[in-house]
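**Q** What follows is a single structure, and I will ask about it in a moment.
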Amino acid sequence: MTPGWEQHTKAARRSGFWNKRMETMSRAELDALHLAKLQKLVAYVYEHSPFYRRRFEERGIKPRHVTSLAAYKRLIPLTDKKDFIDLQLVRPPYGDTLALPFELVAHHVETSGSTGLPLAIPLSAYDTERYGESWTYGFWAHGIRPEDSLYFAFNWGNFAGFWSCYYGARRMGCRVISGGGADSQGHIKNILRLKPTVLISTPTFALRLATVAKEMGVDLRDSSIKFTYHAGEPGPFALPAMKRQIDEAWGADSGELLGIAEIEAFAPGCPNRDGVHVNEMNVFTWSMDPVTGAEAAEGAIGENIITSYTNSAQPFLNYRSHDVVRSVDHCSCGRTWHKLPGVILGRTDFMVTVRGTNVYQTAVENLLGEHAGVSPFFQLVLEHFDGNDQMTVEFEPASGIAESEWPALTRAVGDRIHKALHVRLEIKPMPPGSLPRYDLKTKRIIDKRPKELRRLLDR
Amino acid sequence: MLTPEEMIDRLRRARVLVHEIHTGTDIPQIQSILRHADQNLHWALWNLGEVDELRPDLPGSVVLGKGAKASAPKRADRRAKGRK
């Protein structure tokens, strides 16, 4: 059967961009567009969201006051996940954060709940379409095309992350194959039987599947998978060692997207494979010094503050991501959208001070991920002794490392962390298979500190 | 190739046409299909840098842009009048 109308013309297929005009727009043009969109958004939430209306009125803010991007950043109050969860607890499921009539909520999804209670996320039908678009930018930049087929190694629940990927796959026109209900061996069998070309999973689950395949006598390098694409945890564009491991295990080219379930799949991977670009059609971001609250300059490290244009059911304005990033305005790939090299550099809410040194969870994760002989399975245990935070790194040595080599490996890991972060942490090798595995979001931090002794941001 | 301005002009006209059909029928299926069509047209405009309203179903969203030719709706109007 010959289709009468191609989805993409030959010229379109040759483009390395999903939408070159917008992805390479000048900063001045992008900022002018952002201002117009933010003015519409502020007027929209003032009109439709009781939550924002109340917050604005408490501060005497009217939509007409947003006359510049600087005014927006300064005037519009910061929001945080807790604001929304508290209101949803008072009046479930959405509290007065809902900005649309209830009957227009087309899909209920949630955050993973990895930091506590899951946040309910209402999406209108239009919101789902727009949410998915961020994935397509990433797919296209990575070389994935409509004739590819995506295998979701994921048990479908209410978690927003992979539903949004599904929306994106539909937008692109790819074949979708659900792995729902399958265990690890089942996923491998499904992949061999159904021959998808793209694996969608968390990065650590891709490695877990590679281990299981090996136990089954299956060499995944001979499988149909050409690409793997990941989200939910620090992945191949944040951790070069992880990219190497996934690419070698699967004989494929791994990619990554940064998303926040309640906001958007907002930062698809850069084709240079060393970071992500903020989708500036869908969101507005700026960086803030998490301690002073002042705006961080371009290229400086700060907390990513996000506003989404695409969640009209439950809008998020100046939302604290608690992700520590370094945002730059240039990239050799040609995209002008904010680039986040190394993706997320840390978490403001998982920063601990160990003997006077601020230690970010992700900084330790990055070092471990790059260290030869360390498997992807490790966790950081936080405790509090004698007035000080302590962090113990528990890791499983990679398979093939003999137990007699563990002490030397442990010393090497400790030295590397000391050299990079200027702090000596306790390092503890664990027997292979002893640390928990997750197919959703790996829980890396085990926080055993008394709540009252944690910093405000850590509570 | 069409220029961005030409694309925007045609997309705006398409939205007006879709809206006309939506309000001119009582077939639920056709209305649902057209609603999706209008969402996609609105999204295409958004991704060409046209900022109307945040949602296509908000009042004032379906408008012809400044300088846009309204020939298609006028033709539709004439046909509708002719049927009466």
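What follows draws every value from the coordinates through simple rules; no lab data is involved. If you're wondering where the values come from, they're calculated on a predicted model, not measured in any experiment. Don't worry about glycine lacking a Cβ; one is built from the backbone with ideal geometry, like all the others, and counts go over all protein chains shown.
**Q** Tell me, what HN-Hα J-couplings in whole Hz come from the Karplus equation 6.51 cos²θ - 1.76 cosθ + 1.60 at θ = phi - 60° for each residue of segment A:11-25, using x for Gly and Pro?
**A** 5, 5, 5, 6, 5, x, 10, 6, 8, 4, 4, 7, 6, 10, 5
**Q** Sequence-distant or interchain residues sharing an amide H contact under 5 Å with residue A:283, placed H: which?
**A** Those qualifying (amide H under 5 Å, at least 5 residues apart or on another chain) are A:309.
**Q** Restricting to the protein assembly as shown, compute how many DSSP beta bridges are antiparallel as a %, nearest 5. It would help to have the intermediate numbers written out before the result.
**A** On the way: 40 of 64 bridges.
Here the antiparallel bridges make up roughly 60 percent for the protein assembly as shown.
**Q** Oh, and also: Treat the count of other C-beta atoms within 10 Å as a stand-in for reagent exposure and order A:444, A:193, B:13 from fewest to most. Write out the running numbers ahead of the final one.
**A** Values: A:444 22, A:193 9, B:13 19.
Arranged by neighbour count, lowest to highest, A:444, A:193, B:13 become A:193, B:13, A:444.
**Q** Next question. Tell me which aspartates and glutamates have Cα within less than 17 Å of residue A:37's Cα, excluding those fewer than 8 residues away on the same chain?
**A** Here the aspartates and glutamates satisfying the reach criterion relative to residue A:37 are A:23, A:29, A:47, A:127, A:264, A:280, B:50, B:52, B:53, B:57.
**Q** While we're on this one: Show me, for segment A:314-326, the HN-Hα J-couplings you get by feeding each phi into the Karplus relation (A = 6.51, B = -1.76, C = 1.60, θ = phi - 60°), rounded to Hz, glycine and proline as x.
**A** Result, ordered by residue: 9, x, 10, 10, 6, 8, 6, 7, 6, 8, 8, 9, 10 Hz.
**Q** Using the charge dipole of the protein assembly as shown (Lys, Arg: +1 at Cβ; Asp, Glu: -1 at Cβ; taken about the Cα centre), state which of A:224, A:70, A:250 has its Cα farthest towards the positive end.
**A** Of the candidates, A:70 comes out farthest on the positive side.
**Q** Size of the dipole of the protein assembly as shown about the Cα centre, Lys and Arg at +1 and Asp and Glu at -1 on the beta carbon, nothing else charged, in debye to 20?
**A** Working: 70 positive and 64 negative charges, 357 e Å.
So the dipole magnitude of the protein assembly as shown works out to roughly 1720 debye.
**Q** Label segment A:1-136 by shape, choosing from rounded, prolate and oblate, from the square roots a ≥ b ≥ c of the eigenvalues of the Cα gyration tensor; if a/c is under 1.5 it is rounded, and otherwise prolate applies when a/b is larger than b/c, oblate when it is not. Please report the intermediate quantities before stating the final value.
**A** Details: a/c = 2.40, a/b = 1.40, b/c = 1.72.
Cα axes put segment A:1-136 in the oblate bin.
**Q** Next question. Show me, for segment A:261-269, the HN-Hα J-couplings you get by feeding each phi into the Karplus relation (A = 6.51, B = -1.76, C = 1.60, θ = phi - 60°), rounded to Hz, glycine and proline as x.
**A** Per-residue couplings from phi come out as 3, 6, 9, 4, 8, 7, 9, x, x Hz.
**Q** Okay, next question. Note down the relative contact order for chain A as a percent, whole number, built from C-alpha pairs under 8 angstrom at least six residues apart. Before the final figure, lay out each step's value.
**A** Values: 889 pairs, mean separation 57.1, N = 459.
In percent, rounded to a whole number, it is 12.
**Q** Of the cross-linked pairs A:81/A:243; A:82/A:339; A:82/A:448; A:40/A:62; A:189/A:226; A:40/A:82, which ones have a Cα-Cα span greater than 23 Å in the structure shown?
**A** Violating the 23 Å Cα-Cα cut-off are A:81/A:243; A:82/A:339; A:40/A:82.
**Q** I would also like to ask the following. Give, rounded to the nearest 20 debye, the magnitude of the charge dipole that segment A:118-177 has about its Cα centre when Lys and Arg contribute +1 at Cβ and Asp and Glu contribute -1 at Cβ.
**A** Details: 5 positive and 5 negative charges, 13 e Å.
Dipole of segment A:118-177, to the nearest 20 debye: 60 debye.
**Q** Given H placed 1.01 Å from N in the peptide plane, which residues other than close sequence neighbours of residue A:106 have an amide H under 5 Å from its amide H?
**A** When sequence neighbours closer than 5 places are left aside, the close amide H contacts are A:123, A:124, A:125.
**Q** Here is a further query. Residue A:319's amide H: which non-local residues (gap 5+, or another chain) put their own amide H closer than 5 Å, with H modeled 1.01 Å from N in plane and none for Pro or chain starts?
**A** For residue A:319, whose amide H was placed from the backbone, the distant partners under 5 Å are A:79, A:306, A:307.
**Q** Okay, moving on. Dividing the Cα convex hull volume of segment A:20-344 by residue count, how many Å³ per residue is that?
**A** It comes to 130 Å³ per residue, whole-number rounded.
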